[in-house]
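Only one structure is covered here, and it is reproduced in the block below.
Laboratory data are not the source of any read-out in this text; all were calculated from the coordinates shown. Quantities reported herein were computed from a predicted structural model and do not represent experimental measurements. Here Cβ is always computed from backbone atoms with ideal geometry, including for glycine, and neighbour counts include all displayed protein chains.
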Amino acid sequence: AITMPAIKAKAYQLVAYRHRARVQDLAEDILGSVGRFVGGQIVLAILNAIVTFIVTAAAGSPAPALLALIAFVGALIPVVGPVIGASIAALITLDTGLIPAIIVAAILFAYLQVEAYILTPRVMAHAVAMPGALVIVAALGGAALGGILGALVAVPIAAAGVTIINRVVIPHQQQQR
């Protein structure tokens, strides 16, 4: 069976021996950053699901647990996913009445602003060790260029770029010749 460690070991063998240790260390840093990004997305998705459950249950929405699950899955997709999840929750709440649906929409969209501009930059800055503003710009740029797939891969790519700049480019620029 082919496993990730075996694939990585074979890939590292393709690098010249004298550079192998440095490339391996850099690659492990980048892969760790991607893993932390995924962990950060899961934390944000859980928070989104909890808020959705509380708001929809309080509004008397049908199936608040299902709406929370939809919000969780939606929140795993940066930028557009949380909006889709909140929209579905508000639309399903229309079954309860117009006023509860408007209240659910208002609260969830207010939460999404807090998530987008406060929680996501802080969680991701901690998870992938890059500035919060860069996280937002990367996610928005990725979504604009590549839709949902672009939004999913933009932040890990930006984190890899920051790692390479910090570990390769800057030290190289600092060397005296």
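Mean sequence separation of contacting Cα pairs (under 8 Å, at least six apart), scaled by the length of the chain, corresponds to a relative contact order of 20 percent.
With viscosity set to 1.306 mPa s and temperature to 10 °C, compute the Stokes-Einstein D of the chain, Rh being the Kirkwood radius across alpha carbon pairs; µm²/s, no decimals. Once the numbers are plugged in, D ends up at 88 µm²/s.
Compared with the alpha-carbon gap, the fully stretched path from residue 129 to residue 167 is longer by 12.4 nm at 0.36 nm per residue. Residue-wise HN-Hα couplings along region 22-28, as the Karplus relation 6.51 cos²θ - 1.76 cosθ + 1.60 with θ = phi - 60° gives them from phi, are 5, 5, 4, 4, 5, 5, 5 Hz; Gly and Pro carry x. Highest average first, the peptides 136-144, 48-56 ordered by how many other beta carbon atoms sit within 10 Å of their residues are 48-56, 136-144.
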